[in-house]
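Worksheet: the structure to be examined is printed underneath.
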Amino acid sequence: DVTVIGKVNSSVPGQYQITYKYGPDNVSKTITVTVKGGSTSGGGSTNDNNSSTNGSNNNSNGNINSGSDNNSNQTTNPGETTDTNGSTSVTPEIGNGQVAVKGESVYATKKIGLYKKADFKRNNRVKLYSKAKRINRPQFIVKGYQRDNAGKLRYRVQQYNPYTRKYVKGTKGYITASAKYVIPVYYRSTPKSNKITVINRKGLNSYRKTFLTQKVTHYKKGALLKVKKVIKYKLATRYQLTNGHYITANKKFVIQK
């Protein structure tokens with residue numbers, strides 16, 4: 001009789017180890033089964049310029065609390081990518097809305113680690129991020145995907161500071177892709193109340209264009225705004241206010257009522 005150890009989930013892209021054992025001596029052979037997924041479509045770069053006031057306040061996460069939110073460095077790389085270790089990253093299915101696309105911004109809602117490899121071990125940990133308040137949560141740009149030896153999906157990322165509009169040096173690596181710990185930075189829907197509140201301490205600006213150009217009004221922290229709808233802009237989103245102007249839908253700047 002042949003004993004099969006391991007399972008393959010044909011609906012989840014990745015590499016699976018299957019071991020076959022035969023006979024009383026348990027002669028075994030292990031093979032690797034690769035399940036391929038659809039490639040991610042390109043979305044271009046994302047720009048979220050919300051410059052408000054001069055001056056900044058450093059916080060423990062290395063973020064600067066000014067009123068700007070520009071993701072102009074975000075780019076998408078469709079298909080498969082190769083990480084620094086020479087292994088191929090598999091693009092997973094993203095239709096369920098749980099997995100961020102390449103180039104999209106995500107942030108950590110709980111304590112997480114950043115690692116050099118997809119297999120999370122203390123000796124390859126780059127940095128540990130503590131659970132933080134909403135405006136101080138570490139934000140990352142998804143660069144690709146990788147699965148660890150157990151098949152768990154990881155994001156290949158670099159930390160991004162939306163206030164300085166720059167990547168944070170020395171923060172390339174892997175983080176969990178679990179929605180229990182990491183979620184998209186941008187709102188994808190309009191609140192039922194059609195109201196949002198500005199939470200960034202430096203406030204934010206409204207603009208005439210979805211690119212967030214042609215500044216119209218500056219709103220201070222605590223301002224209650226009425227929104228008409230959410231607008232998808234490349235890999236980010238904007239809220240269109242009832243007056244027709246646009247603001248960022250970044251959760252570090254606004255919160256739904």
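With respect to Ala236, is the statement that it is touching a Ser or Thr at 6+ places or on another chain (Cβ under 8 Å), within 27 Å of Lys102 (Cβ to Cβ) and of a type outside the set (Ser, Thr, Tyr) true? Talk me through it step by step, then tell me what you get.
Values: touching a Ser or Thr at 6+ places or on another chain (Cβ under 8 Å): yes; within 27 Å of Lys102 (Cβ to Cβ): yes; of a type outside the set (Ser, Thr, Tyr): yes.
Here the answer is yes, as Ala236 does meet what is asked.
Quick check, is Tyr167 at pLDDT 95 or above, closer than 30 Å to Lys116 by Cα and either out of contact with any Ser or Thr (no Cβ under 9 Å at 6 or more places or on another chain) or assigned to a loop (DSSP other than H, G, I, E, B) (or both)?
Working: at pLDDT 95 or above: yes; closer than 30 Å to Lys116 by Cα: yes; either out of contact with any Ser or Thr (no Cβ under 9 Å at 6 or more places or on another chain) or assigned to a loop (DSSP other than H, G, I, E, B) (or both): yes.
So Tyr167 passes the test.
Could you figure out which of (1) touching a strand residue (DSSP E or B) at 6+ places or on another chain (Cβ under 8 Å); (2) farther than 30 Å from Gly6 by Cα; (3) touching a residue at least 60 places away in the same chain (Cβ under 8 Å) isn't true of Ile135?
It is condition (1) that Ile135 fails.
With the structure loaded, tell me whether Val157 is in contact with a Ser or Thr (Cβ under 6 Å, 6 or more places away or on another chain) and modelled with pLDDT of 95 or more or whether it fails that test. So that I can check it myself, show each step before the final result.
Details: in contact with a Ser or Thr (Cβ under 6 Å, 6 or more places away or on another chain): no; modelled with pLDDT of 95 or more: yes.
No; evaluated as a whole, the condition is false for this residue.
Out of segment 190-219, which residues are over 19 Å from Thr164 (Cα atoms) and of a type in the set (D, E, K, R)?
Lys192, Lys195, Arg208, Lys209
Buried (at least 20 other Cβ atoms within 10 Å of the Cβ), of a type outside the set (Gly, Ala, Ser) and not in a strand (DSSP E or B) - does that describe any residue in segment 147-158?
No, there is no match, as no residue in segment 147-158 is buried (at least 20 other Cβ atoms within 10 Å of the Cβ), of a type outside the set (Gly, Ala, Ser) and not in a strand (DSSP E or B).
Evaluate the following for Lys192: is it more than 30 Å from Asp119 (Cβ to Cβ), exposed (fewer than 15 other Cβ atoms within 10 Å of the Cβ), of a type outside the set (A, V, I, L, M, F, W, C) and within 21 Å of the chain's Cα centre (by Cα)?
Numbers: more than 30 Å from Asp119 (Cβ to Cβ): yes; exposed (fewer than 15 other Cβ atoms within 10 Å of the Cβ): yes; of a type outside the set (A, V, I, L, M, F, W, C): yes; within 21 Å of the chain's Cα centre (by Cα): no.
It is false that Lys192 is more than 30 Å from Asp119 (Cβ to Cβ), exposed (fewer than 15 other Cβ atoms within 10 Å of the Cβ), of a type outside the set (A, V, I, L, M, F, W, C) and within 21 Å of the chain's Cα centre (by Cα).
Going through segment 106-124 one residue at a time, which ones are among the charged types (D, E, K, R) and within 11 Å of Lys172 (Cα to Cα)?
Initially, segment 106-124 is screened for residues among the charged types (D, E, K, R), giving 110-111, 116-117, 119, 121-122.
Answer for segment 106-124, where residues must be among the charged types (D, E, K, R) and within 11 Å of Lys172 (Cα to Cα): Lys116, Lys117.
The values are calculated or read from the model by the stated rules, or taken from the named source; none is laboratory data. Quantities reported herein were computed from a predicted structural model and do not represent experimental measurements. Neighbour counts are summed over all protein chains in view; Cβ atoms, including those assigned to glycine, are modelled from backbone coordinates with ideal geometry.
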